[in-house]
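> The following block contains the structure, expressed as structure tokens.
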Amino acid sequence: MLRLRAPGVWSLTGRQVGPVNRDLVAPASEVSVNSVRNRLALLFFAIVAAAVGFIYLYVVPQLRSSLTAEQLRRLEAVGSEQGARLDAAMTAGISQQRLRALVRGIDQRTGSRVTVLGVREGDSGPQPSFVVADSELERTAVLPGYPAASVAAATGSAASAVETVGGERRGESAIALSDEGEPRWVAVFSTDLADVDDNVDLIRRQILIAGTIALLAALGAGWLVARAHARRLRRLEKAAEKIADGDFSTPIPVDSSDEVGQLAVTFNEMQKRLERLDSARREFIANASHELRTPIFSLSGFVELLEDDDPDPEARAEFVRTMREQVARLDKLTVNLLDLSKLDADAIQIRREPVELGDVARRLAGEFGPAAERHESAIEVGEGAAAAAAADPDRVAQIMRILIDNALTHTPEGTTIKVGAHIDNGSASLVVADDGPGIELRARERVFERFYTGDEVGGSGLGLAIARELALRMDGTLELRSRRGRTEFELRLPAGAARSRG
Ligand SMILES: Nc1ncnc2c1ncn2[C@@H]1O[C@H](COP(=O)(O)OP(=O)(O)OP(=O)(O)O)[C@@H](O)[C@H]1O
Ligand SMILES: [Mg+2]
């Protein structure tokens, strides 16, 4: 704690946790897929690719089948409208010529090819087997297979289907034309689906082009956005490296209020706190070395005097008494410094058990009896009700010692010191009061600071700092009330079940 150390990583308690090892952290920009920039760009790319793929592989086929279904519905509507006319004409024995004129007329009006097929009984029931009339027969090189007609002939009702003829899809709707209840002909209304397929192909091509552009844009935009973020993060990384080197001077510019901006704000706050801690640590080390040097310097002076001169026994006894005082001071100082460093490092174990504060007060009043006598002071113990606290008995005694020691050290001879315990508002209190001169208002605000001393007594100024720190660790408080002619310190602790500690 007291040694000055090389720059490195410091914990909040001032302990060096370890040296900065930058080899362990590879700069993000050097690691291709692991960098935030590339990962974000890839993520953007993947999202757009998934969206384009979904449209291309799912939405477009859906569109194609719903446009096809639309065409089939139109053909079915034509069939149910024109089928009755054809049925009547066929049953009436229309001539071939008039039938051909009729189907052409329907074709022209409806835009659908009309084919009348004759039905014969086959192996598997009635089958359409020859063309009776066709509105387009002269123009068609390849004859369709008419799968809808087969179903209509077999079932005697209407049917629709899509058939591929010469590489092109055709939609068909067939109606059975019957004579005396027997299906003898089938009328097929058909149309090619080239328009539907052309439109779907066009949409597909456009999706591919737009998709490619969107993918490239996503990749580029993702990369640019991520690069901007990566730069800001890199700035934070550089600032963290500086702090690790012990340089707290440069705050990070806060350029936005987003998460990274917030991080920069928190980072700057942390930097300020670390700076304060660091200067407190330096100040502490400087004070501690100074406090240690004073008694050592005085001791070495006396040793030299004893060596060089040959003092008379009376002077020698005086030297030895002063030297003993300095050694006692050094001893107290090192114990205090050790306590403080333990408190800072959170290395102090605080027990929590029932402590009867009245007992502690009585015991310590007895312990300080001889010292009080030397000081011609009196320590009075108040007779109060039982005041049990949940605390660490050793630490309570340590605080009490600090307070009684102060009441004896910083007051003139003949001062009366009163110690007492009581329960108040659910907390147990231990009070040490004296009728000394009191503490001035300005000093009152500082007595709990480390190394603060308000008089010429020659203390090191650590007692009350340790006492308050210990009180806090036991979830308690240590408060000072002082006016001219009276100083009172009150230690408040959480109340606990009574158990006498004899
Ligand atoms: N009962 C008291 N009456 C008057 N002044 C007091 C009293 N208690 C504390 N003080 C003032 O508060 C200062 C800080 O006390 P603290 O116990 O922290 O340090 P110290 O007594 O000077 O040194 P040490 O570390 O040896 O205890 C003292 O120097 C003194 O000026
Ligand atoms: Mg003291």
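The values are calculated or read from the model by the stated rules, or taken from the named source; none is laboratory data. Everything numeric here is computed off the predicted structure, so don't read it as measured data. Don't worry about glycine lacking a Cβ; one is built from the backbone with ideal geometry, like all the others, and counts go over all protein chains shown.
> Given the criterion under 21 Å from residue 233 (Cβ atoms), part of a helix (DSSP H, G or I) and at pLDDT 85 or above, identify the matching residue among 263, 292.
263
> Of the residues that sit in segment 285-324 and are surrounded by 14 or more Cβ atoms within 10 Å (Cβ to Cβ) and among the charged types (D, E, K, R), which one is farthest from residue 402 (Cα to Cα)?
316
> Determine whether residue 469 is assigned to a loop (DSSP other than H, G, I, E, B) and either within 13 Å of ligand 2 (Cβ to nearest atom) or farther than 20 Å from residue 374 by Cβ (or both).
no
> If you scan segment 449-477, which residues turn out to be under 38 Å from the mean Cα position of the chain (by Cα), of a type in the set (A, V, I, L, M, F, W, C) and surrounded by 18 or more Cβ atoms within 10 Å (Cβ to Cβ)?
Within segment 449-477, 465, 466, 467, 470, 471, 474 qualify.
> If you don't mind, there's one more thing I want to ask. Report yes if some residue within segment 397-412 is away from ligand 2 (no atom under 16 Å from the Cβ), modelled with pLDDT of 95 or more and of a type in the set (Val, Ile, Thr); otherwise report no.
Looking for residues that are away from ligand 2 (no atom under 16 Å from the Cβ), modelled with pLDDT of 95 or more and of a type in the set (Val, Ile, Thr), one finds none in segment 397-412, hence no.
> A further question follows. Take residue 298 and decide whether it is closer than 24 Å to residue 467 by Cα, hydroxyl-bearing (Ser, Thr, Tyr) and in a helix (DSSP H, G or I).
In short, no.
> Among the residues of segment 344-378 satisfying the criterion of being hydrophobic (A, V, I, L, M, F, W, C) and within 16 Å of ligand 2 (Cβ to nearest atom), which is surrounded by the fewest Cβ atoms within 10 Å (Cβ to Cβ)?
371
> Going through segment 410-452 one residue at a time, which ones are in contact with a Lys or Arg (Cβ under 7 Å, 6 or more places away or on another chain) and of a type in the set (S, T, N, Q)?
Hits for segment 410-452 are 427, 429.
> Further, regarding this structure: If I filter segment 392-406 for residues that are farther than 30 Å from residue 286 by Cα and within 11 Å of ligand 1 (Cβ to nearest atom), do I get at least one hit?
Checking segment 392-406: not a single residue is farther than 30 Å from residue 286 by Cα and within 11 Å of ligand 1 (Cβ to nearest atom).
> Here is a further query. Among the residues of segment 453-470, which ones are in contact with a Lys or Arg (Cβ under 8 Å, 6 or more places away or on another chain) and over 19 Å from residue 398 (Cα atoms)?
Passing the criteria: 454, 458.
> Something else about it: Just one of 190, 178, 157 is within 21 Å of residue 74 (Cβ to Cβ), at pLDDT below 90 and either of a type in the set (A, V, I, L, M, F, W, C) or not in a helix (DSSP H, G or I) (or both); which is it?
157
> So, one more: Based on what the data block shows, is residue 112 closer than 19 Å to residue 192 by Cβ and out of contact with any Pro (no Cβ under 9 Å at 6 or more places or on another chain)?
Against the criterion (closer than 19 Å to residue 192 by Cβ and out of contact with any Pro (no Cβ under 9 Å at 6 or more places or on another chain)), residue 112 qualifies.
> Further, regarding this structure: Kindly check whether there is at least one residue in segment 428-448 that is of a type in the set (Lys, Arg), near ligand 1 (Cβ under 9 Å from one of its atoms), assigned to a loop (DSSP other than H, G, I, E, B) and surrounded by 18 or more Cβ atoms within 10 Å (Cβ to Cβ).
no
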